[in-house]
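**Q** Once you've had a glance at the structure underneath, I'll fire off some questions.
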Amino acid sequence: MKPETRQQEIIRVAAKLFKEKGYSAVTMRDLAKAMGIKAASLYNHINSKKDILNAIIISLAEAFTNGMKEISMSNDSCIEKLKKIIELHVNISSKNSYGMASLNNDWMHLEKQLIYYKKLRSDYETDFKTILKDGINSGEIINVKPDVMMFSILTTLRSLYIWIPKKEDINLEELTDSLSNILINGIAKD
């Protein structure tokens, strides 16, 4: 693994601060203090707080969208695709819990990148709904509104960043399997 660059460290520390205090409440002075450097030194590595937010959110949104494209283009069954979507969320959320807070809570502050972000999100959701519709058409999935299914599944997956860090000995594979079972098969006993 490559050592972290100063810019990557700034982004990582900023993501943590954004999650703890909220993007709007964090100043460049707060970030500099958390890094143990002078605020002016930050500008040697980044241009602004907005650039940091863009880097955090866009990199995660691209990771989700690219992962979804790969999953949706595979020849797997719709159920397998759904399991892989859950795995994608578990993996990204477990490695980026601070950044996920920004992705979910601060995306509206993107400004220059807002249209691009919305397109990524829209593409992701379109692919997700297509998988659900294909599953309904093939008889793999019950015939319920795809929007409602997607919303239900994504509501859980988008909040993993809150829950995962609270678990000290979490096994990501077991979590993925449990979530797949609950979100795909439900909780009702036969």
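Conditions tested, residue by residue: (1) crowded, with 18+ Cβ neighbours inside 10 Å; (2) of a type in the set (Val, Ile, Thr); (3) more than 24 Å from residue 54 (Cα to Cα).
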{"position": "114", "(1), (2), (3)": "no, no, no"}
{"position": "120", "(1), (2), (3)": "yes, no, no"}
{"position": "137", "(1), (2), (3)": "no, no, yes"}
{"position": "165", "(1), (2), (3)": "no, no, no"}
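**Q** Continuing with the same structure: Could you please give the count of residues in the stretch 101-143 that are outside any helix (DSSP H, G or I) and either farther than 18 Å from residue 77 by Cα or of a type outside the set (A, V, I, L, M, F, W, C) (or both)?
**A** 5
**Q** Further question: Filter the stretch 95-112 for residues that are under 12 Å from the mean Cα position of the chain (by Cα) and either open to solvent by 40 Å² or more (accessible area, probe 1.4 Å) or within 16 Å of residue 125 (Cα to Cα) (or both) and give the result.
**A** Once the filter is applied, which keeps residues that are under 12 Å from the mean Cα position of the chain (by Cα) and either open to solvent by 40 Å² or more (accessible area, probe 1.4 Å) or within 16 Å of residue 125 (Cα to Cα) (or both), the stretch 95-112 yields 95, 96, 98, 103, 104, 105, 107.
**Q** Right, next: Considering only the stretch 41-61, how many residues are buried (at least 18 other Cβ atoms within 10 Å of the Cβ) and part of a helix (DSSP H, G or I)?
**A** The total comes to 10.
**Q** Could you grab me the full set of residues in the stretch 33-48 that are more than 12 Å from residue 11 (Cα to Cα) and of a type in the set (Ser, Thr, Tyr)?
**A** If the condition is that a residue be more than 12 Å from residue 11 (Cα to Cα) and of a type in the set (Ser, Thr, Tyr), then 41, 43 are the ones that fit.
**Q** Considering 86, 71, which residue is farther than 16 Å from residue 18 by Cα and more than 12 Å from the chain's Cα centre (by Cα)?
**A** 71
**Q** Also, I was wondering about something else. Cβ-Cβ distance below 7 Å, separation of 6 or more or different chains: which pairs start in the stretch 140-156 with a residue that is under 17 Å from residue 127 (Cβ atoms) and end on one that is of a type in the set (Phe, Trp, Tyr) and surrounded by 17 or more Cβ atoms within 10 Å (Cβ to Cβ)?
**A** That search, which allows pairs on different chains as well, returns 150/128.
**Q** Within the bounds of the stretch 122-130, is there any residue that is open to solvent by less than 40 Å² (accessible area, probe 1.4 Å) and farther than 30 Å from residue 185 by Cα?
**A** No: zero hits.
**Q** Read through the list (1) of a type in the set (A, V, I, L, M); (2) in contact with a Phe, Trp or Tyr (Cβ under 7 Å, 6 or more places away or on another chain); (3) more than 18 Å from residue 71 (Cβ to Cβ), then give the number of the only condition that residue 92 fails.
**A** The one condition residue 92 does not meet is (3).
**Q** Would you point out which residue out of 131, 71, 141 is touching a Gly at 6+ places or on another chain (Cβ under 7 Å) and on the phi < 0 side of the Ramachandran plot?
**A** When all the criteria are applied, what remains is 141.
**Q** So in the stretch 3-40, with the set limited to residues that are exposed (fewer than 14 other Cβ atoms within 10 Å of the Cβ) and in contact (Cβ under 8 Å) with a residue 60 or more places away in the chain, which one is nearest to residue 161 (Cα to Cα)?
**A** Taking the candidates together, the pick is 22.
The values are calculated or read from the model by the stated rules, or taken from the named source; none is laboratory data. Bear in mind the structure is a predicted one, so any value in this text is a computation, not a measurement. Cβ sites come from the backbone with ideal geometry, for glycine too, and all protein chains shown count toward neighbours. Each accessible area value is taken on the protein alone, full model and side chains, heavy atoms only, with ligands, DNA and RNA left out. Shrake-Rupley method; radii C 1.70, N 1.55, O 1.52, S 1.80 Å.
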